[in-house]
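Peer 1: For reference, the structure I am asking about is given below.
The values are calculated or read from the model by the stated rules, or taken from the named source; none is laboratory data. None of these values were measured; they are calculated from a predicted model. For neighbour counting, all protein chains shown are included, and Cβ atoms are generated from backbone atoms with ideal geometry for every residue, glycine included.
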Amino acid sequence: MIDLHHAIVLGVLLFAVGLYGALRTTNAVRILMCIELMLNAVNLNFVSFARLAAVSGTAQAAVPGQVFAIFVMTVAAAEVAVGLAIILQIVRQRGVVHIDRINLLKG
Amino acid sequence: MDWNLVTPELIVAGTGLAVLVLDLFLSEERRRSAAYLSLAGLLAALVASVRLLAAGLPDGSGAAAAGPGAGLWGGMLVADPFALLVKLLFLGIGLAVIMLSVDFVESRRIAAGEYNALVLFSVLGMMIMAGSRDLIVIYLGLETTAIASYVLAGLLRGDARSGEAALKYFLTGALASAVILFGMSLVFGGTGSTSLTALLAPGFLGLSGAAPVSGPLALAGLVLLVAGFGFKIAAVPFHFWAPDAYEGAPTPVTAFFSVGPKAAAFAVVLRVFAPVLLLGQAGGPPAVLPVLFAGLAVVTMTVGNLVALTQKNIKRMLAYSSIAHAGYMMVGLAVATPQGTAAVIYYLLAYAVTNLGVFAVVIWLNNRGTGDEISDYTGLAGRAPLAAAAMLVCLLSLIGIPPMVGFFGKFYLFMAAVEAGMAWLAVVMVVNSAVSVGYYYGIVRNMYLQDEPAGEAVRATPMVGTALGLTVAAVLALGFLSEPLSHLARLAGGGL
């Protein structure tokens, strides 16, 4: 039987996978994908916890969590738009997306 | 619902949109109007905030208007003395940055309308962060600031270093946002509410009695929030992006990053953690939080200062210097007392004013073709005596020499640490300040003591000159006004 706790464990695992990927890979687009994975883990957490609050309390208690998830999706879309634009600019300038080869600044 | 409480935000948002529209109708030679309109909007918002603050102070008539309970949307957004005081700081930062960037934007052919609108939207996000008392609103303010900042870092489209700065700032910023959000989801899971006040229920975070599972869950969320905001304020070990982003970004934008988003992140940290830390003092303490802040403070200031000693580029050196100052400010959180909170608020003001002064000089020289290496400042006292004197005043303030404002900032933090029985932390702070003299003095020595064949005199443009004059005046004046200002900071901290 799958219950809410499984959803929360899945959220934690998804977040861990995303974090690992974001820290390990050097491809900027992949890092962005991993960050998206982390954000989806967050959304899963929010709706699961919202459901949990609704089960133990009133249906009203679920609203903030669900609203938060919608805000996260909206803002993440805006963030990705800016991020991809920045990556595109770098690729046009230098033809690389690997952050270990984007290293003019150091010291 | 009292829309009056958000007039400053509404003015800034409206001005930002107006600048975007105005930009469409301006000819190439009249692009400066965008900056003038932004300055007018920020000034109007500043006046509105001062009026709200004056009305909300205890001796004013409208004490209830800005009381802790008052706010918009069921207390999600509040206009208490803390929020208003910090908003004044943010608006001042916005004014200074726009004044400093007018000539830079023109000479580098940055699109003036976009630039000014982005600064305004970033300031708007910072103001929302200052007034939020709800996780959703904090997140929205944070992202409003951050997304505008990513674009600002990359605005020099022809410069590969600017693009690289933007990419690094974006990737770490987005990662930090994800960590903050995960922390928020755990706090929400623990408390069942997105309101910050839910954390303060008696015994909730004491890990005993009423909350055997949800208390620890919320506490884990808070620890993740510390890590996420550690990225935003560039605390060691989450600081690696800052020197690159600061060096590559356009110089006025670097000035903005070093004070604006950093101060806003500190405002949120104070808003979330100050009440929780004080709660810990009253009994049933989440002891992990003060220890965490103390550790971060020690590591951040030590690493920041030591690495700054080895820097050759002034923007990079100032990045490490700003990391060190974030470390000092965290001392005020680690002590977990009302005095500590007030000291952080005071230090935020002191640091922002002083650092803007330093950057004003850097931008002045940058506009006139001087490079960003510290060796480029050799013999500056001969070429531009005023710039050198202003730089000297600001550097003395950053070191913490009386009567500059920076001295009082460090003094209050020091006293807060001693009074809380954490004298060792105060000693670490003083030793670090002594180390910092090493790299600040390097600039002073280059400016005054090294002879350079006298070059051409370097004059400031009116805008940069005015901004520099105002910040240096503030560095001196706020030092003399430290008593009323610290009173205001205590008042603001008390209402958190």
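Peer 1: So which of B:ALA319, B:ALA326 ends up being small (Gly, Ala, Ser), within 14 Å of chain A (Cβ to nearest Cβ) and crowded, with 24+ Cβ neighbours inside 10 Å?
Peer 2: When all the criteria are applied, what remains is B:ALA319.
Peer 1: Considering B:THR341, B:THR302, which residue is among the hydroxyl-bearing types (Ser, Thr, Tyr) and surrounded by fewer than 24 Cβ atoms within 10 Å (Cβ to Cβ)?
Peer 2: None of the other options fit; the residue is B:THR302.
Peer 1: Being closer than 20 Å to B:VAL97 by Cα and basic (Lys, Arg), is that true of even one residue in the stretch B:258-269?
Peer 2: Step one: list which residues in the stretch B:258-269 are closer than 20 Å to B:VAL97 by Cα, which gives B:258-267.
So of that shortlist, the ones also basic (Lys, Arg) come out as B:262.
Yes: the stretch B:258-269 contains one or more residues that are closer than 20 Å to B:VAL97 by Cα and basic (Lys, Arg).
Peer 1: Residue check: is A:VAL63 more than 7 Å from chain B (Cβ to nearest Cβ) and farther than 19 Å from B:ILE138 by Cα?
Peer 2: The answer is no for A:VAL63.
Peer 1: Same structure, new question: Residue check: is B:ALA218 under 29 Å from B:GLY190 (Cα atoms), in contact with a Ser or Thr (Cβ under 7 Å, 6 or more places away or on another chain) and within 14 Å of chain A (Cβ to nearest Cβ)?
Peer 2: yes
Peer 1: List, please: which pairs have Cβ atoms under 6 Å, are six or more places apart or on different chains, and start with a residue in the stretch B:347-368 that is crowded, with 24+ Cβ neighbours inside 10 Å and end with one that is outside any helix (DSSP H, G or I)?
Peer 2: B:TRP364/B:ALA460
Peer 1: Applying the selection to the stretch A:20-35, what residues are buried (at least 18 other Cβ atoms within 10 Å of the Cβ) and more than 8 Å from chain B (Cβ to nearest Cβ)?
Peer 2: Scanning the stretch A:20-35 gives a single hit, A:CYS34.
Peer 1: A further question follows. Determine whether B:THR310 is among the hydroxyl-bearing types (Ser, Thr, Tyr), surrounded by fewer than 24 Cβ atoms within 10 Å (Cβ to Cβ) and not in a helix (DSSP H, G or I).
Peer 2: Against the criterion (among the hydroxyl-bearing types (Ser, Thr, Tyr), surrounded by fewer than 24 Cβ atoms within 10 Å (Cβ to Cβ) and not in a helix (DSSP H, G or I)), B:THR310 qualifies.
Peer 1: Give, as residue ranges, the helices (runs of 4 or more DSSP H) completely inside the stretch B:324-429 that count at least 2 residues that are in contact with a Phe, Trp or Tyr (Cβ under 6 Å, 6 or more places away or on another chain).
Peer 2: Values: elements: B:338-367, B:380-383, B:385-399, B:405-419.
Those helices (runs of 4 or more DSSP H) span B:338-367, B:385-399, B:405-419.
Peer 1: Would you tally the residues in the stretch B:250-279 being over 10 Å from the mean Cα position of the chain (by Cα) and charged (D, E, K, R)?
Peer 2: Within the stretch B:250-279, residues that are over 10 Å from the mean Cα position of the chain (by Cα) and charged (D, E, K, R) number 1.
Peer 1: Here's another thing I want to ask about it. Does A:LEU52 satisfy the criteria of being modelled with pLDDT of 95 or more, within 9 Å of chain B (Cβ to nearest Cβ) and out of contact with any Asp or Glu (no Cβ under 7 Å at 6 or more places or on another chain)?
Peer 2: Answer is no for this residue.
Peer 1: Just checking, which of A:ALA7, A:ALA77, A:ALA16 is more than 7 Å from every other protein chain (Cβ to nearest Cβ), surrounded by fewer than 21 Cβ atoms within 10 Å (Cβ to Cβ), within 17 Å of the chain's Cα centre (by Cα) and at pLDDT below 90?
Peer 2: Values: A:ALA77 fails: at pLDDT below 90; A:ALA16 fails: at pLDDT below 90.
Matching residue, one of A:ALA7, A:ALA77, A:ALA16: A:ALA7.
Peer 1: Any idea how many residues of the stretch B:173-191 are more than 7 Å from chain A (Cβ to nearest Cβ), within 9 Å of B:GLY221 (Cα to Cα) and among the hydrophobic types (A, V, I, L, M, F, W, C)?
Peer 2: 4
Peer 1: Could you list, ordered by first residue, the pairs with Cβ atoms under 8 Å in which the first is in the stretch B:131-152 and more than 7 Å from chain A (Cβ to nearest Cβ) and on the phi > 0 side of the Ramachandran plot and the second is surrounded by 24 or more Cβ atoms within 10 Å (Cβ to Cβ) and acidic (Asp, Glu), at least 6 apart or interchain?
Peer 2: none
Peer 1: Just wondering, is there one or more residues in the stretch B:177-191 that are part of a loop (DSSP other than H, G, I, E, B) and modelled with pLDDT under 90?
Peer 2: no
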